[in-house]
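Worksheet: one structure, shown below.
The values are calculated or read from the model by the stated rules, or taken from the named source; none is laboratory data. It should be emphasised that the depicted structure is a prediction, and the values quoted were computed from it without experimental measurement. All Cβ positions, even for glycine, are placed from backbone atoms using ideal geometry, and neighbour counts span all protein chains on display.
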């Protein structure tokens with residue numbers, strides 16, 4: 001009787017195993033076969049070419065020997081992050097429905113390869129190649145900078161290739177004129193924001209991450225407005241504008257000309273916010289008393305003077321002298337809460353007020 005029971009158990013186990021194997025075999029997903037007579041739509045040649053370029057660029061990124069580390073340095077990390085951003089931008093452009101999606105995707109790949117070229121130069125100790133032509137990255141590296149005023153925008157210097165430099169000098173339009181500008185990619189689901197190349201403005205609600213581009217890695221002023229408390233910090237570390245305010249704020253921060261032309265910022269906010277890139281000449285010019293609230297960039301245009309600084313509110317406050325590249329050159333005053341101080345200015349200079357309370361900066365003569 002015991003032998004019969006053992007045999008029955010063995011047969012039962014074998015049956016279960018065979019059944020599981022069959023279920024596993026026949027339960028696998030099978031490739032979908034188009035229905036008979038269904039038309040297979042092939043993408044146009046330019047989209048297939050753009051897709052091949054994106055794939056090749058992705059393989060270049062996978063093969064690249066650089067691996068970010070805490071001691072890698074800001075410039076290396078920024079260029080590597082710029083290349084990764086460009087790869088994501090290219091994929092999003094190609095997935096868009098715009099007629100020029102293939103063109104914009106290939107331009108994003110060109111931006112990414114330019115970032116990798118700068119990264120390689122930094123790793124090898126070679127001179128860093130210049131940025132790509134502002135009007136079309138496929139024109140190659142820029143050779144000079146020329147004044148340019150986009151429609152509805154502000155005048156600024158942009159890097160251009162030799163051909164566009166000659167055309168603009170002769171009064172002609174650059175080669176890209178008349179063609180649609182490549183827009184910034186659609187917002188990512190986890191970080192909703194809507195950037196615009198024309199205004200260099202990013203808008204969003206709540207937490208998010210934005211990629212801020214400076215013209216030719218030049219110094220700019222980063223303007224931040226929020227309807228509620230906000231914290232803005234550089235996502236890749238290093239020296240860059242940082243802001244923390246417990247309430248609604250309008251702040252303008254110096255963004256020095258260091259590292260990559262593209263930098264990622266992490267935004268932590270409860271309400272709506274806007275981040276705008278503005279040229280240095282938008283610093284608030286003054287020769288007599290100027291008042292404000294929150295961080296600001298000032299352009300003192302008076303003569304040598306003793307200056308009285310007052311601050312009302314919680315938290316620390318600093319007044320810093322900036323060099324022409326908007327880097328911190330010297331801390332002239334620092335205090336906390338309701339405070340008053342004096343500092344001496346030798347003449348015209350750029351200043352940054354760093355504090356979230358109300359303040360006045362008043363030359364005495």
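Tabulated results
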item	result
Condition met for residue 114 (crowded, with 16+ Cβ neighbours inside 10 Å, part of a helix (DSSP H, G or I), touching a strand residue (DSSP E or B) at 6+ places or on another chain (Cβ under 7 Å) and modelled with pLDDT under 80)	no
Within the stretch 222-253, considering residues that are modelled with pLDDT under 75 and in contact with a strand residue (DSSP E or B) (Cβ under 8 Å, 6 or more places away or on another chain), the one surrounded by the fewest Cβ atoms within 10 Å (Cβ to Cβ)	242
Those residues of the stretch 290-335 which are in a strand (DSSP E or B) and either surrounded by fewer than 14 Cβ atoms within 10 Å (Cβ to Cβ) or out of contact with any strand residue (DSSP E or B) (no Cβ under 8 Å at 6 or more places or on another chain) (or both), in sequence order	291, 306, 330, 331
Search result, residues across the stretch 288-313 that are farther than 10 Å from residue 361 by Cα and over 31 Å from the mean Cα position of the chain (by Cα)	301, 302, 303, 304, 305, 306, 312, 313
